[in-house]
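Here the structure is laid out as C-alpha cells; the discussion comes afterwards.
The values are calculated or read from the model by the stated rules, or taken from the named source; none is laboratory data. On a predicted model such as this, the values are computed, not experimentally measured, just so you know. Positions of Cβ are backbone-derived with ideal geometry, glycine not excepted, and every protein chain shown enters the neighbour counts. Each accessible area value is taken on the protein alone, full model and side chains, heavy atoms only, with ligands, DNA and RNA left out. Shrake-Rupley method; radii C 1.70, N 1.55, O 1.52, S 1.80 Å.
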Amino acid sequence: MPQPVSWKRRLKNLLFIDLKTVAGEPSLLAVDPRLQRQWEEKSRYFKNDDELSAAGWYDRRASFFAEFGKIICISVGGLFFDDDDKPHLKIKLISNDDELSILQEFLTIVNRYPPGELTLCAHNGKEFDFPFLCRRLMVNGLPLPPSLQIAGKKPWEIPHRDTMEQWQFGDKRHFVPLDLLAAVLNIPTRPLEWTGDRTSEVYYREHDWARIEQYARDSMVMLVQVYLKMLGAPLVAEEHIVLSD
C-alpha cells in the first residue's frame, strides 16, 4: 500500500484562518467615554510622525487592538485532495455586522474537532489572529474552544502554525506582510487591494461588503499558497478553489 507523501501528513486536521478587523466604532467620539480616555492615553505612545490626534490614531490603528476593535469577517480555509494528490481549497467567509454571530458560527466549525486534534494556521497568527480571537470571544462572553485555550502555555505546547514565524527563522524583529511574502516566493496570486489598516475606512465609509469579502478571499488564498510553498507541496490551481455557503 503506497504511503502518503510527507507534506500531506502535515496538513491533516489543519484549518487556515484569517481575521478582518475594524475599529469598534465609526469614530473616537462614538466610543464609550471610559474606553475613550483609555485610547487617548494609549495613543500618546504611538510614533507620531504625521502629528495625528488621538481621533486620527483611532481611525488608523484601533482595529489592531482587541480592546478597541472588532471582527467583521473570519475566513476559514480547508484543504482536501483528489485521487491524484492535487489539492483543493474550500473557503468559508463568516462575515456580517454582528460580531457575536460571527464568533458563534466560527465556534460551531472548530468545535467539530475533538480536543487536541485541530491545528490552526494564520499569517502572524501567534501575535495577532489567535490572541485577538481569544480576546473577542471573552469580550462577547463566549467560551474558548479547546484549540484556543493557549493562555499560559509554553511556545512548544501550542500546535498552531504561523507563516510569518516560519519565515522569521528565529528573527522575532522581522515583520513581513503576507503580500510581500507571496511576491518574494513568486506565488501567482491576486495582489491584495489594501492593507489591514484601511479595512475600517472601507467598512464604515463605504460599507462595501463585496470588496471586503473579495479582500478576505484573496487573503485566504494567498495564505494557503504561501504555506504550501513553504511546505514543498503543490499549489492549489485556481479552478480548485471554491467558496462554500
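Applying the set (1) touching a helix residue (DSSP H, G or I) at 6+ places or on another chain (Cβ under 7 Å); (2) assigned to a loop (DSSP other than H, G, I, E, B); (3) open to solvent by 60 Å² or more (accessible area, probe 1.4 Å) to Thr189 leaves exactly one unmet item: (3). Taking Ala55 as the residue in question, decide whether it is over 20 Å from Ala210 (Cβ atoms) and under 17 Å from the mean Cα position of the chain (by Cα). In short, no. The residues of the range 219-237 that are in contact with a Phe, Trp or Tyr (Cβ under 9 Å, 6 or more places away or on another chain), outside any helix (DSSP H, G or I) and open to solvent by 30 Å² or more (accessible area, probe 1.4 Å), listed by number, are Gly232, Pro234.
Being in a strand (DSSP E or B) and either open to solvent by 70 Å² or more (accessible area, probe 1.4 Å) or modelled with pLDDT of 95 or more (or both) narrows it down to one of Lys42, Lys70, Lys47, Lys12, so name that one. On inspection, the qualifying residue turns out to be Lys70. Only residues that are in contact (Cβ under 8 Å) with a residue 60 or more places away in the chain and of a type in the set (A, V, I, L, M, F, W, C) were counted across the range 191-221, and they come to 5.
For the range 192-209, taking the residues that are over 18 Å from the mean Cα position of the chain (by Cα) and assigned to a helix (DSSP H, G or I), the one that is farthest from Glu25 (Cα to Cα) is identified as Glu206.
When the residues of the range 87-101 are filtered to those that are closer than 18 Å to Val22 by Cα and touching a Lys or Arg at 6+ places or on another chain (Cβ under 9 Å), the one that is surrounded by the most Cβ atoms within 10 Å (Cβ to Cβ) is Leu93.
Within the range 15-39, the set of residues being among the polar types (S, T, N, Q) and open to solvent by less than 70 Å² (accessible area, probe 1.4 Å) comprises Thr21, Ser27, Gln36. Restricting attention to the range 195-218, the residues that are open to solvent by less than 70 Å² (accessible area, probe 1.4 Å), of a type outside the set (Val, Ile, Thr), under 22 Å from Lys92 (Cβ atoms) and modelled with pLDDT of 90 or more add up to 10.
Listed here are the residues, each with its yes/no results for (1) within 17 Å of Leu19 (Cα to Cα); (2) polar (S, T, N, Q); (3) open to solvent by less than 70 Å² (accessible area, probe 1.4 Å); (4) in a loop (DSSP other than H, G, I, E, B).
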position: Leu107; (1), (2), (3), (4): yes, no, yes, no
position: Phe128; (1), (2), (3), (4): yes, no, yes, no
position: Leu133; (1), (2), (3), (4): yes, no, yes, no
position: Arg136; (1), (2), (3), (4): yes, no, yes, no
position: Ser147; (1), (2), (3), (4): yes, yes, yes, no
position: Gly152; (1), (2), (3), (4): no, no, no, yes
position: Met164; (1), (2), (3), (4): yes, no, yes, no
position: Trp167; (1), (2), (3), (4): no, no, no, no
position: Lys172; (1), (2), (3), (4): no, no, no, yes
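The set of residues from the range 73-86 being over 14 Å from Phe16 (Cα atoms) and either modelled with pLDDT of 95 or more or assigned to a strand (DSSP E or B) (or both) comprises just one member, Phe81. Of all residues in the range 51-63, those that are over 16 Å from Leu35 (Cβ atoms) have Cβ atoms under 8 Å from Cβ atoms of residues that are open to solvent by 20 Å² or more (accessible area, probe 1.4 Å) and not basic (Lys, Arg), 6 or more apart or on another chain, in Leu52/Phe46; Gly56/Asp50; Arg60/Leu52; Arg60/Asp197.
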